[in-house]
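Here the structure comes first, spelled out in structure tokens, and everything after it is commentary.
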Amino acid sequence: MNLSQNESTLNSAQILFENPVNDFLNIRLNPSTLAETSRVIDLQGRTVANCTFDREVSKVCCNMNVSHLRKGAYLLEIATQDGKLIRQKFLKN
């Protein structure tokens with residue numbers, strides 16, 4: 001997958017977000033993907049940002065502030081209710 005795309009998708013989960021990212025990582029998922037949490041991991045394997053999907057409002061959207069992150073490559077990891085981990089690379093401007 002090319003990291004310079006404006007929209008990224010991943011398999012049946014259909015993770016969508018702008019790539020590269022500026023200040024906010026706005027995650028949209030396929031409604032059939034019941035997400036619990038998401039986190040951003042740096043190249044050293046450290047969690048540098050995280051977000052919990054709101055059970056009352058929507059399980060398909062999460063807006064994560066990543067303005068504090070340095071420019072570079074990161075990994076978005078989403079944990080679903082059925083115990084699966086979905087991972088997607090992205091670039092931070």
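Of note:
- Within the range 72-85, the set of residues being among the hydrophobic types (A, V, I, L, M, F, W, C) and within 9 Å of the chain's Cα centre (by Cα) comprises 75, 76, 78.
- For beta carbons closer than 9 Å, sequence separation of 6+ or different chains, a first residue in the range 64-77 that is at positive phi and a second that is part of a strand (DSSP E or B) and open to solvent by less than 30 Å² (accessible area, probe 1.4 Å), the qualifying pairs are 72/92.
- The range 25-44, subset over 24 Å from residue 72 (Cα atoms) and either basic (Lys, Arg) or in contact with a helix residue (DSSP H, G or I) (Cβ under 9 Å, 6 or more places away or on another chain) (or both), residue surrounded by the most Cβ atoms within 10 Å (Cβ to Cβ): 35
- Residue match in the range 9-25 (condition: within 16 Å of residue 91 (Cβ to Cβ) and modelled with pLDDT of 95 or more): no
The values are calculated or read from the model by the stated rules, or taken from the named source; none is laboratory data. The structure presented is a predicted model; accordingly, all values stated were derived computationally and were not measured. Cβ sites come from the backbone with ideal geometry, for glycine too, and all protein chains shown count toward neighbours. With ligands, DNA and RNA removed, areas are computed over all heavy atoms of the protein, side chains included. Shrake-Rupley method; radii C 1.70, N 1.55, O 1.52, S 1.80 Å.
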